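This report concerns only the one structure given below.
The values are calculated or read from the model by the stated rules, or taken from the named source; none is laboratory data. Bear in mind the structure is a predicted one, so any value in this text is a computation, not a measurement. Cβ sites come from the backbone with ideal geometry, for glycine too, and all protein chains shown count toward neighbours. Ligands, DNA and RNA are stripped out before the accessible areas are found, and what is left, the full protein with its side chains, is counted by its heavy atoms. Shrake-Rupley method; radii C 1.70, N 1.55, O 1.52, S 1.80 Å.
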Amino acid sequence: MASLASRALSARSRRIGLRSALKLDALVTGANGGAYLVAAQPLGDLLGLSAVVLRALGVVLLAFGAVLWLSAARPSVARGVGVAVVVANAAWALASIAVAVGGWMSPTAIGTLWIIIQAIVVAGFAELQAAALRH
């Protein structure tokens, strides 16, 4: 199943260039960061995470989303930028799984599920961007 999903994602990335992959990542990352920043307390209650942590993550995600968008808006996207984004996204996904599995920050069941879902989404962006770099 994972192989099928990977092949489908890889095939799609041939049609989606690095610039588009970065812009999509920027939009999703920025929306997530904005939600964490604006609704930290209710999201914290739901996810079992500190509102302070969510606000800090919100700032980081908004900044990362802005960097992604600005990078994609340049006349050409340097390969090194693409590689750095893939590495950052892969690291985020792995760290998220470690937080979910390790039980750090004591998230609720919904919080643990959210951490895993967003890790999968971020890993998907890393794969999409890596595939775009390969083609």
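With Val83, Val87, Val67 as the choices, which residue is crowded, with 16+ Cβ neighbours inside 10 Å and either at positive phi or among the β-branched types (Val, Ile, Thr) (or both)?
On the way: Val83 fails: crowded, with 16+ Cβ neighbours inside 10 Å; Val87 fails: crowded, with 16+ Cβ neighbours inside 10 Å.
Unique residue meeting the criteria: Val67.
Residue by residue through region 95-108, note down the ones that are out of contact with any helix residue (DSSP H, G or I) (no Cβ under 8 Å at 6 or more places or on another chain) and either under 20 Å from Ala132 (Cα atoms) or at pLDDT 95 or above (or both).
Selection gives Ala95, Ala98.
Going through region 1-42 one residue at a time, which ones are at pLDDT 80 or above, more than 17 Å from Ala126 (Cα to Cα) and surrounded by fewer than 19 Cβ atoms within 10 Å (Cβ to Cβ)?
The first filter runs over region 1-42 and keeps only residues at pLDDT 80 or above, leaving 16-42.
From the residues that got through so far, the ones that are more than 17 Å from Ala126 (Cα to Cα) too are 31, 33-42.
Those that are at pLDDT 80 or above, more than 17 Å from Ala126 (Cα to Cα) and surrounded by fewer than 19 Cβ atoms within 10 Å (Cβ to Cβ): Ala31, Gly34, Ala35, Leu37, Val38, Ala39, Gln41, Pro42.
Name the pairs: first residue in region 36-62 and among the aromatic types (Phe, Trp, Tyr), second residue surrounded by 15 or more Cβ atoms within 10 Å (Cβ to Cβ), Cβ to Cβ under 7 Å, at least 6 apart or on different chains?
Listed pairs, sorted by first residue: Tyr36/Leu43; Tyr36/Leu54; Tyr36/Arg55; Tyr36/Leu57; Tyr36/Gly58; Tyr36/Leu61.
Can you confirm whether Ala132 is within 16 Å of the chain's Cα centre (by Cα), assigned to a helix (DSSP H, G or I) and not charged (D, E, K, R)?
So Ala132 does not fit the description; no.
Counting only residues that are open to solvent by 70 Å² or more (accessible area, probe 1.4 Å) and free of Cβ contacts under 8 Å to residues at least 12 places away in the same chain, how many does region 95-114 have?
Of the residues in that region, 4 qualify.
Taking Ala91 as the residue in question, decide whether it is modelled with pLDDT of 95 or more, of a type outside the set (Asp, Glu) and out of contact with any Ser or Thr (no Cβ under 6 Å at 6 or more places or on another chain).
Values: modelled with pLDDT of 95 or more: yes; of a type outside the set (Asp, Glu): yes; out of contact with any Ser or Thr (no Cβ under 6 Å at 6 or more places or on another chain): yes.
Yes; evaluated as a whole, the condition is true for this residue.
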